[in-house]
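These notes concern the structure reproduced below.
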Amino acid sequence: MPNCPAHPHIHLEARRRGWYCDECGKNVYTLEQHPAPIRALTQINLSQWPTLLALPLHEAQTESHALAQLWDICDFAEIFLKVYVAGALAEIQKVDPLAPSRFSKKMLRPTMGDWRSIASELLTQLPRSSALQSFNHHMDRFMKDLLTGREITKSILQLRNRLAHGGPLGTTERDDLSHAWDTRLAYFLSTCSDLWSIYSLVVVTEHQTSITLKGPRPDLQTTHPCTQPLEPGTASLSVNDSLIHLGPLTA
């Protein structure tokens, strides 16, 4: 990473059109002078990630259009929240059967903000003995690091609101946001890869066998007998030889 020639103490930020200095308020090198680093998201191995999460991440990795990549990042964040909420509610319901009813109104037509609000409440209610505690830790960091604040470069929630309701983005703003979120999300993902050595996503087939959905291109041919009868299409998190039921895969 080069430093600014006018402000040697400042590390420049790689943007799509050059290297930017906060003090100068402009790009001070072109990408021809200093080639941009490899996009951080492309370095994340998605082979162990549950397919529900790996698909939007794979789209974000391979998307060449900045605006489409930003939407892919928002899609990942919302699905990540949904998977956590479904699992946490299933675990809390074991000790508090009425827990889901407290969130039923928010879950009728939930916004991304509603999913974040529900997840925030569930973080503090999950039993200490729950098999979801490792997920709890990473979800807590996810919300603090990537869903908090009013800036669209700090909160995916604010980013999504800007994309959906703020009108067209200028080319420079769009490209800068794409680079910033590519870097921020990649860093978070790199710190929680161990999560998917603990949990895996399985779904029940019509023949009462289960398929593990792993990576953006899962193996749909290898099946395993179900240990208990479940509705076809039921998705679960598998952990320590037990299942946390998430509900229908299409929900």
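Computed from the coordinates by the stated procedures, all read-outs in this text should not be read as laboratory data. Computed from a prediction, not measured in an experiment: that's the story for all the values here. Cβ coordinates were reconstructed from backbone atoms using ideal geometry, including for glycine residues, and neighbour counts include every protein chain displayed.
General observations
- Rounded to the nearest 500, the helix-only mean residue ellipticity at 222 nm of the chain stands at -13500 deg cm²/dmol, with each DSSP H run of n ≥ 4 adding -39,500 (n - 2.57).
- Given charges at beta-carbon only (K, R positive; D, E negative), |dipole| of the stretch 18-96 in Debye: 120
- Partnerless Cys - the chain, beta-carbon criterion under 4.7 Å: 74, 192, 226
- The relative contact order of the stretch 1-117, computed from alpha carbon pairs under 8 Å that lie at least 6 residues apart in sequence, is 12 percent.
- For the chain, a crude dipole built from +1 on the beta carbon of Lys and Arg and -1 on the beta carbon of Asp and Glu, taken about the Cα centre, is about 480 debye to the nearest 20.
- For the chain, the residue among 100, 143, 172 whose Cα projects farthest onto the positive side of the dipole built from Cβ charges is 100.
- Residue among 69, 228, 93 with the largest mean-square fluctuation in a Gaussian network model of the chain, springs linking Cα atoms under 10 Å: 228
- Top of 104, 238, 210 by mean-square fluctuation, Gaussian network on the chain, Cα under 10 Å: 104
- Förster-model FRET efficiency, 45 Å R0, residue 111 and residue 206, C-beta, rounded to 0.05: 0.85
- P(r) tail for the stretch 147-251: Cα pairs beyond 22 Å make up 52% of the total.
- Helix 156-165 and the longest principal axis of the C-alpha atoms of the chain enclose an angle of approximately 80°.
- Efficiency of FRET between residue 45 and residue 101 - r from beta-carbon atoms, R0 41 angstrom, step 0.05: 0.55
- Fluctuation leader among 74, 24, 192 - the chain, Gaussian network, Cα springs under 10 angstrom: 24
- Residues with amide H under 5 Å from that of residue 200, placed H, sequence gap 5 or more: 238
- Summary value for the chain: 20 percent relative contact order, contacts being C-alpha pairs under 8 angstrom separated by 6+ residues.
- Using alpha-carbon coordinates, inclination of helix 171-191 to the longest axis of the chain, degrees: 50
- In degrees, nearest ten, helix 66-93 long axis to first principal axis of the chain (Cα): 30
- Using only Cα coordinates, the Kirkwood hydrodynamic radius of the chain works out to 19.9 Å.
- Backbone phi angles across the stretch 22-31, fed through the Karplus curve with coefficients 6.51, -1.76 and 1.60 (θ = phi - 60°), yield HN-Hα couplings of 5, 5, 6, x, 6, 6, 10, 9, 8, 6 Hz in residue order; Gly and Pro are listed as x.
- Residues whose amide H comes within less than 5 Å of that of residue 96, counting only those at least five positions distant or on another chain, are absent (H built at 1.01 Å from N in the peptide plane).
- Rel. contact order, % - alpha carbon contacts under 8 angstrom, at least six apart, the stretch 66-190: 31
- Kirkwood-Stokes translational diffusion coefficient of the stretch 27-116, alpha-carbon pairs, 25 °C, 0.890 mPa s, µm²/s: 154
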